[in-house]
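FYI, it's all coordinate maths here, none of it is from the lab. Predicted model only: the values in this text are computed from it and were never measured. Here Cβ is always computed from backbone atoms with ideal geometry, including for glycine, and neighbour counts include all displayed protein chains.
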Amino acid sequence: MNNRLLRALQRGGMAAQIGVDRWGVWRGRDRRGRMIGVMSGAEIDVLRMREALQLWGDGQPPILLWNKSVLAPPPEAPSAKRLTAAEPAPTAPLIELILSHCHDRELRQLIRETTQHYRADIECAAQAGAAHGMNWDGLALGGRVDGGRSDRELGPAPQAMRAQAALKTIHAHLSGDCIELLDRLILSQDSRAQLVRRLGGRPSLMEPRALAAIRALHEVYKTKVRARN
């Protein structure tokens with residue numbers, strides 16, 4: 001991942017899709033200006049999964065802008081340090097390594113959207129208190145999820161109730177081992193070595209295990225959660 005292009009995006013530039021799995025980067029927000037470089041679809045998907053890039057409008061081609069909240073003060077700052085890494089290191093979160101090495105655009109989209117939905121449901125449900133059966137203690141969530149109740153005692157908002165219902169459905173259809181893997185893969189963002197130490201098994205099999213868990217989560221969202229909404 002080119003540091004010069006990352007800095008341009010951080011300083012108000014934009015990324016726009018210019019071809020199949022290719023994104024151009026501009027220093028400003030006018031495509032009539034000079035394009036300063038190109039990023040791969042995998043690099044863009046890693047940044048989007050980190051929520052470092054967000055869609056700007058709904059036009060075509062899609063345009064992405066930097067999400068300034070990613071560089072907010074601690075506790076979010078530690079996770080933002082990875083944004084300037086040239087390439088994901090072996091100690092990087094396994095979820096990012098999977099995205100970086102994946103050449104299948106549809107699979108990358110499935111991974112990115114599924115992980116974002118799961119993270120969003122966890123965070124939304126936490127605003128109204130932990131849903132029954134959830135165990136978030138000890139997860140390295142970057143301070144964004146504390147599992148405590150909101151100061152408001154008016155009851156959970158409708159979106160929080162939907163998030164809690166989604167999480168209960170997920171827990172009803174996935175095994176405890178699968179949930180633990182997903183939590184550590186998506187929420188804690190553990191590396192391959194951390195996952196092996198925690199969950200056991202051969203390091204070479206951790207990536208297929210992680211992909212299988214994400215696909216299972218996607219299937220629950222697709223066939224069980226969305227069917228109820």
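What is the gain in length, in nm to one decimal, between W56 and A193 on full extension, counting 0.36 nm per residue of separation less the C-alpha to C-alpha distance?
Working: separation 137, 0.36 × 137 = 49.32 nm, distance 3.65 nm.
Result for the pair: 45.7 nm of gain on full extension.
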### Summary
With label points set 7 Å from each Cα along the Cα-to-Cβ direction at S175 and H103, the distance between them in nm comes to 3.2
